[in-house]
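Okay, so here's the structure we're looking at.
Rule-based calculations on the coordinates, nothing more; no lab input. What you see is a predicted model; the values in this text were computed from it and never measured. Neighbour counts run over all protein chains shown; Cβ positions are idealised from the backbone, glycine included.
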Amino acid sequence: MEHFGAVEAGGTKFICGIGDETGNLIAEQRIETLSPTETLPKVVLFFQEKSKELKIRIKSIGIGSFGPLDLNPLSPAYGHITSTPKTGWPNTDIPGFLRDQLNCACTIDTDVNAAAYGEYLWGAGRNLGSLVYFTIGTGIGGGAIINGLPIHGLVHPEMGHCIVDHDEKEDPFSGVCPYHSDCFEGLANGPSIQARWGIKPEELPSSHPAWDLEARYIARALHSIITILSPQRIILGGGVMQQLSLLPKIRLLVKESLNGYVVSAAITSGIDGYIVAPVLGKQAGVLGSLALAIHPPEL
């Protein structure tokens, strides 16, 4: 049995894991995200100690990282974090550091592309050719798998920064995105909910009007994604989506917004199975990173 490493590199925590070729995790550890010089050696130590303890060799490591990232294989900065506002992390080469310290191959992609890839292989996207995965939490990000491959292009998708219709009479809140103010992330991430209502999202009751507004912004973004990419399934994860009243509201609003134009039974009669929660749940990120190590996509 071969073994592989996974690193879900987030802005507040790194989740490190070791799994076998079937995607079964056998070791896992959370590491607080501090500076690169504090965080990355702890990641290396996890793999060194656990591989020795378990008497295994790690064949390769998959990394699903916050970004933005340089994912152009021809770029001298390939794999580096680029213009992130996370203090100390711009120009950090996570895969290069781990490769040098652990002497094994590393594959990197965005955290949301990794989660999407994990769901494609082992979760809600199994047996499909395409899907979009959104994480809606402290930030908003979207990853897409088309014909079995994560989408890259000029850089990589930044779906959280798409523009959604913002009726300032209905919602006078200006948004929290430092780059675009009232983009999708600026209007609908966790910090925007707290800033608008003065209460943390997890403390708001399901009857609070915040959730109707939140569902509206998410539905507007999904309308655009459906008409642009036409994915076979949309998966919604992240901390904000732990509010169980959201999914039914979003499904209803998406169907109303499309207004019969997209002619598919997945929309007209099966939307409960089209816009879904992640099957891999809170482990979508680390399992997606493991998937990158086991089955590195031919990008």
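For the range 100-120, filtering for residues that are surrounded by fewer than 19 Cβ atoms within 10 Å (Cβ to Cβ) and in contact (Cβ under 8 Å) with a residue 12 or more places away in the chain leaves 4. Every listed requirement among (1) on the phi < 0 side of the Ramachandran plot; (2) within 19 Å of the chain's Cα centre (by Cα) is met by I58 save one, (2). Among residues belonging to the range 156-197 that are of a type in the set (F, W, Y) and under 20 Å from the mean Cα position of the chain (by Cα), point out the one that is surrounded by the fewest Cβ atoms within 10 Å (Cβ to Cβ). Result: Y179. Take A195 and tell me if it is among the small types (G, A, S) and in contact with a helix residue (DSSP H, G or I) (Cβ under 6 Å, 6 or more places away or on another chain). Criteria not met by A195. Can you tell me which residue is nearest to G239 (Cα to Cα) among those in the range 123-164 that are aliphatic (A, V, I, L, M) and assigned to a loop (DSSP other than H, G, I, E, B)? By that ranking, first place goes to A124.
Considered as a group, the residues in the range 155-192 that are among the β-branched types (V, I, T) and free of Cβ contacts under 8 Å to residues at least 40 places away in the same chain include one that is farthest from Y217 (Cα to Cα), and that residue is V176.
For E119, the conditions (1) under 24 Å from K13 (Cα atoms); (2) among the charged types (D, E, K, R); (3) in a loop (DSSP other than H, G, I, E, B) are fulfilled apart from (3). When P201 is tested against the conditions (1) free of Cβ contacts under 8 Å to residues at least 24 places away in the same chain; (2) surrounded by 20 or more Cβ atoms within 10 Å (Cβ to Cβ); (3) not hydrophobic (A, V, I, L, M, F, W, C), the lone failure is (1). Screening the range 38-68 for residues that are touching a Gly at 6+ places or on another chain (Cβ under 8 Å) and not in a strand (DSSP E or B) and picking the one that is farthest from G142 (Cα to Cα) gives F47. In the range 252-268, the residues that are in contact (Cβ under 8 Å) with a residue 24 or more places away in the chain form Cβ pairs under 6 Å with partners that are part of a loop (DSSP other than H, G, I, E, B), at six or more places apart or across chains, as follows: A266/Y274. Only helices (runs of 4 or more DSSP H) whose full extent lies in the range 219-299 are considered here, and none of them has at least 1 residues that are surrounded by fewer than 21 Cβ atoms within 10 Å (Cβ to Cβ) and aromatic (F, W, Y).
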